[in-house]
Amino acid sequence: MKKEYVFVLLAFFFMSLSTVAITYAVESETVKEKVIHEYNMDVTGDKKNDHIVLKGIQIDPSSAYMKKIWAEITTSANTKYRIDYAPGYEPKIEFADLNHDGVVDLFQSSATGGSGGLNNYHLSTLKDGTASILPLPHSLNIQGHFENNFKASIQIPETQFTKTVDLSNRKKDYIRLGLYQKNGELNEPTELMIDPVAMYKIIKLNGTKEVGLKAYRQISGAYHADVLGTVTSIWNFENGTWKLKSAKWKQQ
């Protein structure tokens, strides 16, 4: 009986090793890195193209979501760099001189896949072969709340902007949700839903040869799909920091 017991244990042990080996092989196949994009661009300022390879690892072979994203850069002087980015969908790198130092920067983005259409962003420079991260514009202070008589108020203190939005075309929905009473009185103070920056666009700044960033932020009412409009803001990099040039409200 003892010998039979030992044989059973040995058989179980070798079966376990086989299972581990198979699992490891499947995981190795799953985490295989993938080349997403390749670019040839002078990012150091020596007037010679550098080679940038954007790579990623999918969370699952059937999914487009990249759980790891990074760039491998080989300069014309054969110096190598690696820049790691946040995970996401459809990653890409755009090249523009956003800090106005005469050398293009690396502006990486990827979609989060959330309902708000949000994206991850990363800005960096390799001027003179020195890799460093550049900041993104600070979060614009936007305030908003519902008011009596089916209205909403939106304020941007930084630009002294105030806007009253008529919501009377949505009153049936708001009454049904218990946000308002039939006479237009709010049941309780309620703030609007103000998203973080969903998207940045590289744009040419008016009256100059320089480029800057245009930011988009969605404002919603009772729920996220209840979109009221969008605040866009224009930013320019000046003296090492981002300066707000303008902010506008566009109603849905």
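Just to be sure, is GLY240 surrounded by fewer than 17 Cβ atoms within 10 Å (Cβ to Cβ), farther than 22 Å from THR112 by Cβ, at pLDDT 95 or above and out of contact with any Cys (no Cβ under 7 Å at 6 or more places or on another chain)? Explain how you work it out, then say what you get.
Working: surrounded by fewer than 17 Cβ atoms within 10 Å (Cβ to Cβ): yes; farther than 22 Å from THR112 by Cβ: yes; at pLDDT 95 or above: no; out of contact with any Cys (no Cβ under 7 Å at 6 or more places or on another chain): yes.
Criteria not met by GLY240.
When residues of the range 100-126 are filtered for being touching a residue at least 60 places away in the same chain (Cβ under 8 Å) and either among the aliphatic types (A, V, I, L, M) or open to solvent by 40 Å² or more (accessible area, probe 1.4 Å) (or both), how many remain?
10
Out of the residues in the range 226-237 that are free of Cβ contacts under 8 Å to residues at least 40 places away in the same chain and of a type in the set (A, V, I, L, M), which is surrounded by the most Cβ atoms within 10 Å (Cβ to Cβ)? Steps first, answer last, please.
The first filter runs over the range 226-237 and keeps only residues free of Cβ contacts under 8 Å to residues at least 40 places away in the same chain, leaving 227, 230, 232, 234, 236.
Those still in the list that are of a type in the set (A, V, I, L, M) too: 227, 234.
Values: VAL227: 16, ILE234: 19.
Result: ILE234.
Among the residues of the range 204-223 satisfying the criterion of being open to solvent by 40 Å² or more (accessible area, probe 1.4 Å) and of a type in the set (D, E, K, R), which is nearest to ARG176 (Cα to Cα)?
Of the range 204-223, the ones open to solvent by 40 Å² or more (accessible area, probe 1.4 Å) are 204, 206-210, 214, 216, 218, 222-223.
Filter once more, so that each one left must be of a type in the set (D, E, K, R): 204, 209-210, 214.
Working: LYS204: 46, LYS209: 52, GLU210: 50, LYS214: 37 Å.
Here the answer is LYS214.
Within the range 84-120, how many residues turn out to be assigned to a strand (DSSP E or B), hydrophobic (A, V, I, L, M, F, W, C) and within 30 Å of VAL227 (Cα to Cα)? Even if it seems obvious, please write down each step before you answer.
Step one: of the range 84-120, the residues assigned to a strand (DSSP E or B) are 84-85, 88-96, 105-111, 119-120.
In the following step, the residues that additionally are hydrophobic (A, V, I, L, M, F, W, C) were identified as 93, 95-96, 106-107, 111.
Restricting the remaining residues to those that are within 30 Å of VAL227 (Cα to Cα) gives 93, 107, 111.
So the count comes out to 3.
Confirm whether SER168 is within 30 Å of ALA222 (Cβ to Cβ), of a type in the set (Ser, Thr, Tyr), modelled with pLDDT under 95 and open to solvent by 40 Å² or more (accessible area, probe 1.4 Å).
Here the answer is no, as SER168 does not meet what is asked.
Quick one: LEU123 ticks every box in (1) assigned to a strand (DSSP E or B); (2) over 23 Å from the mean Cα position of the chain (by Cα) except a single one, so which number is it?
Condition (2) is where LEU123 drops out.
Yes/no per residue for (1) open to solvent by less than 80 Å² (accessible area, probe 1.4 Å); (2) free of Cβ contacts under 8 Å to residues at least 40 places away in the same chain; (3) touching a Phe, Trp or Tyr at 6+ places or on another chain (Cβ under 7 Å):
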site: LEU140; (1), (2), (3): yes, no, no
site: SER153; (1), (2), (3): yes, yes, no
site: TYR174; (1), (2), (3): yes, no, yes
site: LEU186; (1), (2), (3): yes, no, yes
site: ASP195; (1), (2), (3): yes, no, no
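Among the residues of the range 100-137, write down those that are closer than 13 Å to GLY212 by Cα and either at pLDDT below 95 or of a type in the set (Phe, Trp, Tyr) (or both).
Within the range 100-137, PHE107 is the sole residue that qualifies.
Of the conditions (1) in contact with a helix residue (DSSP H, G or I) (Cβ under 9 Å, 6 or more places away or on another chain); (2) part of a loop (DSSP other than H, G, I, E, B); (3) open to solvent by 40 Å² or more (accessible area, probe 1.4 Å), TYR81 clears all except one; give me its number.
(2)
For THR75, indicate whether it is touching a residue at least 24 places away in the same chain (Cβ under 8 Å), surrounded by 18 or more Cβ atoms within 10 Å (Cβ to Cβ) and not charged (D, E, K, R). I'd like the intermediate steps shown before the answer.
Working: touching a residue at least 24 places away in the same chain (Cβ under 8 Å): yes; surrounded by 18 or more Cβ atoms within 10 Å (Cβ to Cβ): yes; not charged (D, E, K, R): yes.
In short, yes.
The values are calculated or read from the model by the stated rules, or taken from the named source; none is laboratory data. Please read all numbers here as calculations on a predicted model, not as lab measurements. Counting neighbours? That spans all protein chains shown, and the Cβs are built from the backbone with ideal geometry, glycine included. Calculation scope for accessible area: heavy atoms of the full protein, side chains included, ligands and nucleic acids excluded. Shrake-Rupley method; radii C 1.70, N 1.55, O 1.52, S 1.80 Å.
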